[in-house]
Amino acid sequence: MAARAGGVRRAAAALRSGAGRQFACHAFSPKGGQLARHPRAALTFCWAEHGRQVRIRGRVTPGSAEDGAADFPGRSVTARAESLPARQSRYLTEAAERDRDLAKARALIAKEPSPVHPAWTLHTLAPDAVEFWQAAESRVHIRLRHERADDGWDRFPLWSWRPAARAPDGTLTAGRRVPTDL
């Protein structure tokens, strides 16, 4: 999920690479352009069968051309073939045109297994917040948010049913700070 103008988030699927905080996309795709303008994103990992998910939010930095070139061969032949013409998310006027371009790209990959479009970019997300979510049959789900602090991480329980508390100065507080070393 990349941020658009004004910081509004836009959902986008990203294939996981590396340690789970890396993802790749074409620099000229809508996602690549949004990341260039607003380098923040969120990644969500969901295990529906277990009723769990983890959401990681933070700043995104693009890797080097060498990082992108190292990532690209791990993609399927079809994914690489679709990336080489560099037309992701553009309007498709004729399926035959797409099919011709994909056939050319597949033929190139068959001759040279590792061609990489120079705009293929591996990004790394540096988390500033990680939220863990556990479903409950009662629908009172358990949510914990860990936020980066100067000295490590702070943990905030996020109970959907818990009203906001008031601090002694009258301001609303969402939870309590609990130092942790996530």
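How are the C-alpha pair distances of region 54-150 spread across 5 Å bins, as whole percents from the shortest bin up?
Calculated P(r), rounded to whole percents: 3, 11, 15, 13, 12, 11, 10, 10, 8, 6, 2, 0.
Could you work out how far apart the two model spin labels at Arg90 and Asp151 are, taking each label as a point 7 Å from the Cα in the direction of the beta carbon, and quote it in nm?
Rounded to a tenth, the inter-label distance reads 5.4 nm.
Length gain on complete extension for the stretch Leu102 to Cys46, per 0.36 nm per residue less the alpha carbon to alpha carbon distance?
So the chain would gain 17.0 nm between Leu102 and Cys46.
Short version: what are the Cα gyration tensor semi-axes of region 60-114, square root of 5 times each eigenvalue, largest first, in whole Å? Could the numbers behind the result be given before it?
Values: eigenvalues 102, 50, 10 Å².
Calculated on Cα positions only, the semi-axes equal 23, 16, 7 Å.
Taking the Cα centre of region 58-108 as the origin, how large is its charge dipole in debye, to the nearest 20, when only Lys and Arg (+1) and Asp and Glu (-1) carry charge on their Cβ atoms?
On the way: 9 positive and 8 negative charges, 16 e Å.
My answer is approximately 80 debye.
Between region 129-152 and region 74-88, what is the C-alpha centre distance in whole Å?
A separation of 36 Å, based on Cα centres.
Each value in this text was obtained by applying a stated rule to the coordinates, not by laboratory testing. This one's a predicted model, so the numbers in the text were calculated from it and none came from an experiment. Heads up, the Cβs are rebuilt from the backbone with ideal geometry, glycines too, and the neighbour counts pull from every protein chain shown.
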